[in-house]
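The block underneath contains the structure these notes are about, expressed in structure tokens.
The values are calculated or read from the model by the stated rules, or taken from the named source; none is laboratory data. Because the structure is predicted, anything quoted here is derived from the model rather than measured. Here Cβ is always computed from backbone atoms with ideal geometry, including for glycine, and neighbour counts include all displayed protein chains. For accessibility, only protein heavy atoms count, side chains too; no ligands or nucleic acids. Shrake-Rupley method; radii C 1.70, N 1.55, O 1.52, S 1.80 Å.
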Amino acid sequence: MMTYLEDSHCELSNNLSENSIRPVTVGRRNWLFCDTTDGANASMAVYSLLETARANGLNPYKYMEYILEARPDGRMTDKELETLSPWNDNVKKLCEK
């Protein structure tokens with residue numbers, strides 16, 4: 001087992017991951033639409049998209065606008081879905097902060 005003392009790349013804390021989920025835990029009591037499993041799954045999908053956009057240096061609002069305009073569905077190929085991903089260069093140009 002490797003510890004942070006043996007590998008300088010290991011973080012001493014998990015503050016980064018805790019701070020990214022803070023809005024979810026703080027707002028949880030305010031989300032009345034999450035009274036079903038489907039509502040909870042839908043909100044977690046949205047939060048996953050938002051946090052992935054933030055992690056890739058995008059403006060989350062612009063990215064969500066871009067995704068909603070593109071309207072991805074189950075018929076899209078992997079290549080088409082790749083054009084919607086937040087790490088795609090075209091998306092970064094369109095949705096940068």
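Note on SER20 and LEU94: the model spin-label points, each 7 Å out from Cα along the C-beta direction, lie 2.3 nm apart.
Surface exposure of region 33-97, expressed per residue as accessible area with a 1.4 Å probe, stands at 72 Å².
Under the simplified labelling scheme, the TYR61-THR37 pair shows an inter-label distance of 3.6 nm, with each label point 7 Å from Cα along Cα→Cβ. Packing around the peptides 57-67, 37-47, taken as the average count of other Cβ atoms within 10 Å per residue, puts them in this order, highest first: 57-67, 37-47.
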